[in-house]
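Let me begin by presenting the structure, written as structure tokens, before commenting on it.
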Amino acid sequence: SYSGIEIRKKMEKTAKQKTLKDLSDKFFLLLFAQGNDPYSDQAGKTAKHFCEILGWELVTVSLDEKGISTLPDAELDNGISKKYGIKGVPAFYIVNSDTEDSLSLGVGPLTVSELMENAYIQLERVNKIEGK
């Protein structure tokens, strides 16, 4: 039934959120953005919301000298964008705090639920590869 499907989806979403919350001590969200860019401003709001829900730390790197209006504490790019091969912004990554391994969550104006879904899929994929 329709309501059964909705309930299952809600339960899956809750389980995924819990899994991601449990990883907040291992991973942080890294956002590459740019000043005077409406997509970067929106991405800032999205990234903040993602981190509020999950208790993750947010690190933002501004690719130009301008700050991002929604993220006043953005760091300036000291070559880190080259390391990540950033071509377009906004670009979202999850980074392992210990190993600095990173996983791309996508580029562009993603929603919080898209970010969560992508984070879950990426982490699940990596864990499978590592045989955990």
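The values are calculated or read from the model by the stated rules, or taken from the named source; none is laboratory data. Remember, it's a predicted structure, so these values are computed and weren't measured experimentally. Positions of Cβ are generated from backbone atoms using ideal geometry, with glycine treated the same way; all protein chains shown enter the neighbour counts. Accessible surface is based on the protein model in full, side chains and every heavy atom, while ligands, DNA and RNA are left aside. Shrake-Rupley method; radii C 1.70, N 1.55, O 1.52, S 1.80 Å.
Quick look at the numbers
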read-out: Answer from Ser97, Ser113 - the residue that is at pLDDT 90 or above and open to solvent by less than 60 Å² (accessible area, probe 1.4 Å); value: Ser97
read-out: Any hit, region 76-85, residues being farther than 27 Å from Ala15 by Cβ, without any contact (Cβ under 8 Å) to a residue 60 or more places away in the chain, touching a Ser or Thr at 6+ places or on another chain (Cβ under 8 Å) and crowded, with 22+ Cβ neighbours inside 10 Å; value: no
read-out: All positions within region 1-34 that are within 16 Å of the chain's Cα centre (by Cα) and of a type in the set (A, V, I, L, M, F, W, C); value: Leu20, Leu23, Phe27, Phe28, Leu29, Leu30, Leu31, Phe32, Ala33
read-out: Filtered residues of region 56-88 (kept if assigned to a loop (DSSP other than H, G, I, E, B) and closer than 19 Å to Thr111 by Cβ); value: Trp56, Thr70, Gly88
read-out: In region 40-71, the residues that are more than 27 Å from Val126 (Cβ to Cβ) and open to solvent by 50 Å² or more (accessible area, probe 1.4 Å); value: Gln42, Lys45, Glu65, Lys66, Gly67, Ser69
read-out: Residue count for region 23-46, restricted to those that are assigned to a helix (DSSP H, G or I), of a type outside the set (Lys, Arg) and free of Cβ contacts under 8 Å to residues at least 60 places away in the same chain; value: 4
